[in-house]
Structure formats: C-alpha cells, structure tokens
Amino acid sequence: MPRSVFVFWDNSNIFISAKTVARGFEGDSAYYQIRIDFDHMMQLARANRPLEYALAVGSVPPPMRHVWNRMEQAGVQVELFERGTESQREQAVDQAFRSICTCKA
C-alpha cells in the first residue's frame with residue numbers, strides 16, 4: 001500500500017518563481033500572465049498516494065481569495081498573513097510551517 005503524503009505549499013515561492021521563469025522564456029508580459037493550475041500541482045505532489053495532510057501558506061491580497069477558496073475546497077488548510085515587509089512575511093510563513101511540522105511529528 002502506498003504511503004500517505006503531506007503537502008506543504010509556500011505560495012510565494014511557487015508563484016513568484018513561476019513568474020520569474022515565465023519572464024525568462026516569454027518576456028516581461030508573461031510575468032503578469034502566469035497562472036498555476038492547483039489541481040495539477042496537487043496531482044503531481046500526490047503521485048497517486050493518499051493525502052494525509054496539506055497546508056498552504058500565503059498572503060491576504062483580495063484578488064487571490066479565489067485561489068485560497070479553491071485550496072480550502074480541496075481539503076487544504078490555508079494560513080494567510082498580511083503583507084508586511086518581505087522579511088516579516090517570510091518569517092511568518094516559515095513559523096507557520098515549523099509549528100505545523102512540530103504538531104504532526
């Protein structure tokens with residue numbers, strides 16, 4: 001029987017990196033046009049294994065609310081933080097992952 005999988009999704013690392021790669025391949029306009037297909041990313045992460053737990057961490061901008069809603073509908077726990085300085089937000093994201101990993105260990 002396949003082992004269960006835990007998914008930890010740091011949205012800024014995934015989304016900002018995708019935007020940067022798109023710009024490198026397609027030019028500046030691609031930076032603002034990139035989209036991440038959440039369902040396919042989860043399929044890739046799960047690799048036909050049962051999902052034990054999933055956590056997505058990101059920030060609150062209202063235009064992104066539909067993304068967080070979609071993740072929650074798929075059973076992903078979502079932790080959101082207000083945008084502050086980059087170092088404050090990254091610290092909060094890292095702390096969220098640390099606290100959940102400690103609880104699940």
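Read-outs throughout are calculated quantities, based only on the coordinates presented, and are distinct from any laboratory measurement. Because the structure is predicted, anything quoted here is derived from the model rather than measured. Note that each Cβ is placed from the backbone with ideal geometry, even for glycine, and that neighbours are counted across all protein chains shown.
In this structure the amide hydrogen of TRP9, modeled in the peptide plane, comes within under 5 Å of the amide hydrogens of LEU55, ALA56, VAL57, none closer than 5 places in sequence on its chain. Once the dipole of segment 16-71 is set up with Lys and Arg at +1 and Asp and Glu at -1 on Cβ about the Cα centre, which of VAL67, SER17, GLN43 lies farthest towards its positive end? Value computed over the given set: VAL67. Give me the net charge of ASN48's neighbourhood, meaning all other residues with Cβ under 15 Å from the Cβ of ASN48; Lys, Arg count +1, Asp, Glu -1. Taking every other residue near ASN48 into account, the sum is +1.
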